[in-house]
1. Looking at this structure, is ALA144 surrounded by fewer than 15 Cβ atoms within 10 Å (Cβ to Cβ) and in contact (Cβ under 8 Å) with a residue 60 or more places away in the chain?
2. With respect to LYS104, is the statement that it is basic (Lys, Arg) and exposed (fewer than 12 other Cβ atoms within 10 Å of the Cβ) true?
3. Suppose the filter is surrounded by 15 or more Cβ atoms within 10 Å (Cβ to Cβ) and of a type outside the set (Gly, Ala, Ser); does LEU150 pass it?
4. Working only within the stretch 103-124, note down all residues that are under 16 Å from ASN72 (Cα atoms) and either in contact (Cβ under 8 Å) with a residue 40 or more places away in the chain or acidic (Asp, Glu) (or both).
Amino acid sequence: MEPFNPTPGTGEINEDPLFVDPDNHDYNLQEGSPCIGTGMNGEDRGALAYIPTVVDDDIPSGVPSATHLSQNYPNPFNATTSISYQLPLSGYVRLEVFDLLGHKVATLVEGEQAAGHKSISWDASELSSGVYLYRLAVGNLTEAKKMLFLK
């Protein structure tokens, strides 16, 4: 399906519909809206073609745009390693480590966290050498990576 691109003169409204408070989901029309009385039989109509200018001033700097789990560093590691991840929104986060048989060997993070860049250090000195998986679960997203522990 092609995107909707109104052409001036086709009867589409191509200007701000003047909604009462769209930030709070109040899409009633303000007095003076170009949508008032312009629909079929003089009814009010929406302005599907209006695309407001987006200003990123409301987005705090340094907040990532997507959830991402980074490769641990160093990898391979001896005793301790650092695991970094980023969260675009606040939410419930769980970061766990598993052996290759699927047994959970550590829970590094479990709980609510604010948006931003995160890093946690993990000490595996009590475990045996081998390949381990670490998994980040945030909302419906789950991401996992492998790491190698060498004593």
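1. yes
2. For LYS104, the condition - basic (Lys, Arg) and exposed (fewer than 12 other Cβ atoms within 10 Å of the Cβ) - is met.
3. In short, no.
4. Result: HIS117, SER121, TRP122, ASP123, ALA124.
Listed here are the residues, each with its yes/no results for (1) over 18 Å from SER119 (Cα atoms); (2) surrounded by 12 or more Cβ atoms within 10 Å (Cβ to Cβ); (3) at pLDDT 65 or above.
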position: LEU29; (1), (2), (3): yes, yes, yes
position: SER33; (1), (2), (3): yes, yes, yes
position: THR38; (1), (2), (3): yes, yes, yes
position: GLY42; (1), (2), (3): yes, no, yes
position: ALA49; (1), (2), (3): yes, yes, no
position: TYR73; (1), (2), (3): no, yes, yes
position: PRO76; (1), (2), (3): no, yes, yes
position: THR80; (1), (2), (3): no, yes, yes
position: VAL93; (1), (2), (3): no, yes, yes
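The values are calculated or read from the model by the stated rules, or taken from the named source; none is laboratory data. Predicted model only: the values in this text are computed from it and were never measured. Don't worry about glycine lacking a Cβ; one is built from the backbone with ideal geometry, like all the others, and counts go over all protein chains shown.
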